[in-house]
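The values are calculated or read from the model by the stated rules, or taken from the named source; none is laboratory data. Everything quoted here is computed from the prediction, not taken from an experiment. Neighbour counts run over all protein chains shown; Cβ positions are idealised from the backbone, glycine included.
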Amino acid sequence: MSPMHTAVLDVVARHLPDDGTIFAPGLAAGDLGVPAARLRDGGVRDLEPGSCVAAVLVDEQLSRAGVHAEEMVDTLGAVLEPGGVLAASVCNRVFASASGWSLDGVRGFSSAEATALLNHRGFVIDVICAPGAAAGLRGAALAFDRGATAAPEPVRFDLDADREPGLLDAAPRLLLIARAPRDAEERARVFFETRPRKIGAAATLCRDADGRLLVVYDSFRRIWTLPGGVIDADEDPALAAQRETWEEAGVKVETGPLLGVFAARWPDRLTFVYAADPITMTEHPEPLHPHEIGAVAWLPLDEALQRLAPSVVFRVTRCLERPGHSWMQ
């Protein structure tokens, strides 16, 4: 066993409960500093639900499980008692690919992928770190694998440095120590809290009786665009489009059909564009927030398409040509 592997096991041992059964395939009692009577080996499917206080998988069992890693975590969630500890190391995705391990079915994970593997099943991560990342940057010779040639000098595990976000993908392995959900409510909460968050926005494609399009000049972004903005919490997107049109353009509108949904990568956003008609026609409207909107205008469609920002032109033309569809921008 290499010095780095020993250091990792020392960290894991400090997070284990003081009593109860530990599922630790391939490990001896001395590896974790616990009585042999507490350890269980073998297959995880042979264990009774809730029978273990901890599971230690530091020989990359999750990586070797490949596409079945998610299934293994689900099974471990049932085997562990509520709040039980899961300690696991996985192969770094780049390292697994560069070493050719991925060709043998060994699955590599980025730190984000490994985090999602556990969070999406309700596990709360207490420790995530890249063992040896800091030492490697300092020029230390690392030997993590069992059977590997030992480093010429003892390796000091630097938990504080190795858990820095910038180093999490800078070592061959990633160590995760997590806690199983205590109940179904916590599992659901962790799942939803760790899912990607999208910004929701709503806008109107408002035309008057002559077919002119209502447009506004965004002073911050310095572009001509459709009136619209971020949807507030617990707000109907159509009502948000009405509110934003009133605030930005000074025009009260009635929204009609949803003309298009537009997804953007940065920021991660969904924009809902609604057809709208002015309730009361104002020839020269003024914004309620002039510090945000520099000008408001009713423009013939051809002129509006020449003045609007390219991304907004994309939305307007798609909404008019194929209303009711969604697009990725």
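A few points about this structure:
- Among the candidates 78, 96, residue that is more than 17 Å from residue 11 (Cβ to Cβ), touching a Lys or Arg at 6+ places or on another chain (Cβ under 8 Å), modelled with pLDDT under 95 and not in a loop (DSSP other than H, G, I, E, B): 96
- Among the residues of segment 219-235, at least one is under 20 Å from residue 323 (Cα atoms), in a loop (DSSP other than H, G, I, E, B) and assigned by TED's automatic domain parsing to the domain that holds residue 205.
- Scoring residue 36 on the criteria (1) in contact with a strand residue (DSSP E or B) (Cβ under 7 Å, 6 or more places away or on another chain); (2) hydrophobic (A, V, I, L, M, F, W, C); (3) more than 17 Å from residue 77 (Cα to Cα) leaves a single failure, condition (1).
- You will find that of 211, 200, the residue that is assigned to a strand (DSSP E or B), of a type outside the set (Asp, Glu) and touching a residue at least 12 places away in the same chain (Cβ under 8 Å) is 200 and no other.
- Look at (1) in contact (Cβ under 8 Å) with a residue 60 or more places away in the chain; (2) under 22 Å from residue 174 (Cβ atoms); (3) assigned to a strand (DSSP E or B) and you find that residue 8 fails only one, number (3).
- Options 127, 155; residue that is of a type in the set (Val, Ile, Thr) and at pLDDT 75 or above: 127
- Just one of (1) touching a residue at least 12 places away in the same chain (Cβ under 8 Å); (2) outside any loop (DSSP other than H, G, I, E, B); (3) among the small types (Gly, Ala, Ser) fails for residue 37. It is (1).
- Any hit, segment 258-269, residues being out of contact with any strand residue (DSSP E or B) (no Cβ under 9 Å at 6 or more places or on another chain) and either assigned by TED's automatic domain parsing to the domain that holds residue 214 or touching a residue at least 60 places away in the same chain (Cβ under 8 Å) (or both): yes
- Segment 263-322, residues that are touching a Phe, Trp or Tyr at 6+ places or on another chain (Cβ under 6 Å), surrounded by 20 or more Cβ atoms within 10 Å (Cβ to Cβ) and not in a helix (DSSP H, G or I): 271, 308
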